[in-house]
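Below is one structure; the comments refer to it alone.
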Amino acid sequence: MRRKVIYIILSAFTVGTFVLVYIQYNSSKSIDSLVHGDNRLLEEFAIRKNLNLIENNVISLQRNVRTMYVDKTDAPEAQMKSEINEILAAEKTLQKIDDDENTARYVDSLENAVTRKIMLCRKVVDTYLKNGSASANAVIDSNFRIWVSNDIEMAVQKIDSSRNAYITSITQAVDKSGKRAQKLNYLLTIVVLLSSVFLFWYIISIIQKLTQSEKKIKEASRIKESFMANMSHEIRTPINAILGFTALLERRNLDDQSQEYIKTIQKSGESLLTIINDILDLSKLEAGMMRIESAPFSVRALVHSIEVMFGAKVVEKSLNLQSSIDESMPDILEGDAIRLTQIFVNLIGNALKFTKEGTINIKVTGEERDGRKIKVMIVVSDTGIGIEKDKQQDIFSRFQQADDTITRHFGGTGLGLSIVSELVSLQKGTIRVESEPGSGTTFILMIPYFVADNQNENNTTLSDNLEYRGNTDFNSIRLLVAEDNEINQSLIRHLFREWKIEYDLAQNGKEAVAMVQQHKYDLVLMDIQMPEMDGYTATLEIRNILKLDIPIVAMTAHALAGEKEKCLSYGMSDYISKPMREAQLYKLITKFAEIPIKHLSKGSAQQLQGEYKCINLSYMREISGGNKDYEKIVTEQFIEVVPESLAAIETTWKNNDLVQMRQEAHNMKTTVSVMGLTEQLKPCLEELEYSDLTAESFSTQFGLLHEACIKALDEAKQFYHTFSEDEK
């Protein structure tokens with residue numbers, strides 16, 4: 001009878017699982033359709049907004065012109081220019097509509113009508129400024145049909161009418177998907193509740209039957225915790241997808257209300273992901289699935305990464321985050337750096353939550369050393385609200401906080417410190433807390449580690465030590481370089497020729513994807529900003545469409561916080577910033593191509609120069625290693641490209657093409673780096689690339705850039721002439 005009951009239960013569970021999967025699949029399809037429809041509606045709202053903007057600005061522009069020549073006032077040039085720019089920007093957006101031929105035709109008609117109206121307004125203003133109101137009035141009379149024409153209003157009405165049917169169909173589809181998703185969710189809720197009741201009853205009956213057997217009770221508990229750990233992991237996957245698509249939506253040109261909704265979704269998703277991660281870690285700990293690994297890591301680098309990780313949140317709360325590591329403390333230890341990072345993240349996150357003002361301090365010291373074994377003391381203190389004495393013993397318990405009101409005021413699950421305590425115990429360490437209400441809290445950890453035998457191997461970087469040139473064997477590898485900048489291409493050619501590396505060059509991400517399909521590469525060096533297809537999109541295609549796990553290293557001139565994390569989130573393996581340092585590039589290639597580094601003498605890369613006031617040849621000579629042909633080529637390219645880049649920046653600004661102007665400024669960062677001008681010109685280029693520029697601020701920044709480049713060009717030409725003298 002018992003076996004029959006078990007079979008019935010298993011059959012019911014199997015059928016229920018298939019039902020749940022089927023319901024979830026259809027619910028997901030409905031939700032996806034709903035999200036797609038919402039996005040299309042947002043696009044339609046943006047079209048309506050641009051049409052209203054064009055219509056209102058044209059009316060305002062015409063009213064300002066009429067007021068000017070009737071009242072004989074000065075022309076409001078700034079306001080009129082702003083209105084015209086807004087009109088042109090709105091027209092540019094409308095031109096992107098490609099889902100309806102009638103709409104596209106009406107948009108062209110609208111653009112022609114707006115152009116005629118703007119040209120007439122400009123002509124009236126110019127005539128008024130030159131010859132007075134009588135002449136301006138004559139211009140209006142001679143073009144009276146254009147002046148009073150309602151072509152713009154008619155074109156707007158036609159576009160609006162052509163979109164109504166489209167919006168209606170979208171609305172109906174959204175409504176249908178929403179109702180379907182709602183029904184499926186109701187059904188899913190009912191099935192889950194019934195399943196939960198049934199499962200609860202079954203678990204209770206099993207526990208009652210196994211009360212006399214301690215071994216069986218432990219086994220049941222282990223199964224339950226394993227199930228929770230796996231379930232938490234499965235839940236985290238769709239949450240990550242929600243956060244990812246929310247980030248994509250956030251970059252769209254949305255109105256303020258939509259942006260507020262997106263931020264709310266993102267914050268809620270992040271909070272939910274934090275809770276799920278805590279549950280997952282707790283489940284792993286309870287199920288015995290958490291393993292402590294041992295590998296060399298740098299204590300100082302780990303603490304630095306923690307500071308960078310929390311930098312933005314610390315600034316947001318106007319706090320100070322300080323760290324100190326005892327000088328006598330060995331830098332390279334052997335242990336689990338991931339779990340130590342997790343401990344730091346929980347402790348500092350806890351401190352941030354409960355500290356309104358003041359400082360969060362991190363202190364690391366080596367307390368006891370016995371041969372290779374050392375006890376590391378980690379102290380994390382804050383100036384937060386503190387904890388009462390009688391509550392301190394409970395804060396490391398699960399789902400416990402110092403006060404019942406803390407969850408309402410500060411949020412959280414009460415799992416963070418419990419996880420920290422478990423992780424410290426797994427590493428055979430100890431943790432205690434010292435705190436006074438209103439005076440802050442201090443957590444003191446003592447964790448044993450082993451001191452690595454070779455402190456230099458991991459503590460120095462190849463960018464500080466150039467003793468690697470020479471006979472490393474790269475003959476067995478083949479690389480792909482996706483790079484559109486000529487100077488960077490010359491750098492790659494020179495280095496790879498010297499290192500005897502076989503490589504192919506792609507001018508953009510589209511070419512890179514095609515070449516990866518056709519050939520087998522050991523490593524891809526991927527520039528981020530390229531024409532036709534950028535590095536992020538190319539990487540996503542290689543990972544998600546081609547399903548290739550080839551190492552991809554990002555190359556970018558961006559110096560923004562979180563850029564490396566962004567690259568990694570798109571599936572890239574690592575990150576190198578421009579201007580690229582030879583040693584860093586060498587290290588990445590040997591790392592991902594799995595080739596050991598062979599150390600030789602430093603060579604000529606340490607040569608410095610002091611004969612020029614503007615340019616600095618240290619970087620070029622470090623890269624060239626004394627190769628005069630390479631130095632001549634990149635100098636010649638610098639002399640040719642810099643004037644072209646300056647002209648392109650100025651021209652795109654005058655043409656009001658801000659996107660291309662910012663791209664030109666970004667590309668110029670690489671161009672000037674070869675002459676050691678990065679630090680000198682970076683402020684100007686950053687302003688041109690990122691700031692909201694006015695005519696005055698552009699003139700100032702471009703003037704500084706132009707002046708510095710002219711001086712650099714003069715010195716670069718002098719340097720270039722030295723090659724001719726050497727050849728004589």
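The values are calculated or read from the model by the stated rules, or taken from the named source; none is laboratory data. Everything numeric in this text was worked out from a predicted model, so none of it was measured. Counting neighbours? That spans all protein chains shown, and the Cβs are built from the backbone with ideal geometry, glycine included. Side chains included, ligands, DNA and RNA excluded: accessible areas come from the protein's heavy atoms. Shrake-Rupley method; radii C 1.70, N 1.55, O 1.52, S 1.80 Å.
Data for the structure
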{"item": "Filtered residue count, the stretch 476-500, keeping only those that are surrounded by fewer than 20 Cβ atoms within 10 Å (Cβ to Cβ), of a type outside the set (S, T, Y) and outside any helix (DSSP H, G or I)", "result": "4"}
{"item": "Test: V364 is under 19 Å from S425 (Cβ atoms) and at pLDDT 90 or above", "result": "no"}
{"item": "Residue that is modelled with the lowest pLDDT, among those in the stretch 630-650 that are farther than 20 Å from A665 by Cα and open to solvent by less than 20 Å² (accessible area, probe 1.4 Å)", "result": "Y630"}
{"item": "In the stretch 322-333, the residues that are open to solvent by 50 Å² or more (accessible area, probe 1.4 Å) and more than 18 Å from F310 (Cα to Cα)", "result": "D326, E327, S328"}
{"item": "V58 vs. criteria modelled with pLDDT of 75 or more and in contact with a Phe, Trp or Tyr (Cβ under 9 Å, 6 or more places away or on another chain)", "result": "no"}
{"item": "Sole residue being modelled with pLDDT under 80, of a type in the set (K, R) and in a helix (DSSP H, G or I), chosen from K123, K92", "result": "K92"}
{"item": "Filter result for I97 (open to solvent by 60 Å² or more (accessible area, probe 1.4 Å), free of Cβ contacts under 8 Å to residues at least 60 places away in the same chain and farther than 25 Å from W653 by Cα)", "result": "no"}
{"item": "Qualifying residue in the stretch 608-629 (condition: at pLDDT 80 or above, surrounded by fewer than 18 Cβ atoms within 10 Å (Cβ to Cβ) and either in a loop (DSSP other than H, G, I, E, B) or of a type in the set (D, E, K, R) (or both))", "result": "yes"}
{"item": "The stretch 142-163 residues that are touching a residue at least 12 places away in the same chain (Cβ under 8 Å) and under 12 Å from R116 (Cβ atoms), paired with ones that are of a type in the set (F, W, Y) and assigned to a helix (DSSP H, G or I) (beta carbon under 6 Å, 6 or more apart)", "result": "A155/Y106"}
{"item": "Candidate set: the stretch 514-532, residues that are farther than 19 Å from F592 by Cβ and within 22 Å of the chain's Cα centre (by Cα); chosen: the one least open to solvent (accessible area, probe 1.4 Å)", "result": "M530"}
{"item": "In the stretch 313-343, the residues that are in a helix (DSSP H, G or I), over 12 Å from S298 (Cβ atoms) and at pLDDT 85 or above", "result": "I343"}
{"item": "Flag for A665 being open to solvent by less than 10 Å² (accessible area, probe 1.4 Å) and touching an Asp or Glu at 6+ places or on another chain (Cβ under 6 Å)", "result": "yes"}
{"item": "Failed item in (1) acidic (D, E); (2) assigned to a helix (DSSP H, G or I); (3) at pLDDT 85 or above, with E307 passing the rest", "result": "(3)"}
{"item": "Filter result for V107 (hydrophobic (A, V, I, L, M, F, W, C), under 21 Å from I159 (Cβ atoms) and touching a helix residue (DSSP H, G or I) at 6+ places or on another chain (Cβ under 7 Å))", "result": "yes"}
{"item": "Members of the stretch 390-443 that are assigned to a helix (DSSP H, G or I) and at pLDDT 80 or above", "result": "L417, S418, I419, V420, S421, E422, L423, V424, S425, L426"}
{"item": "Residue within the stretch 74-92 that is closer than 30 Å to Y166 by Cα, surrounded by fewer than 18 Cβ atoms within 10 Å (Cβ to Cβ) and either in contact (Cβ under 8 Å) with a residue 60 or more places away in the chain or more than 39 Å from the chain's Cα centre (by Cα) (or both) present", "result": "yes"}
{"item": "Residue match in the stretch 461-481 (condition: under 25 Å from E293 (Cβ atoms) and at pLDDT 50 or above)", "result": "no"}
{"item": "Residues located in the stretch 338-381, provided they are open to solvent by 10 Å² or more (accessible area, probe 1.4 Å), over 15 Å from L417 (Cα atoms) and in contact (Cβ under 8 Å) with a residue 60 or more places away in the chain", "result": "G358, E367, R369, R372, K373, K375, M377"}
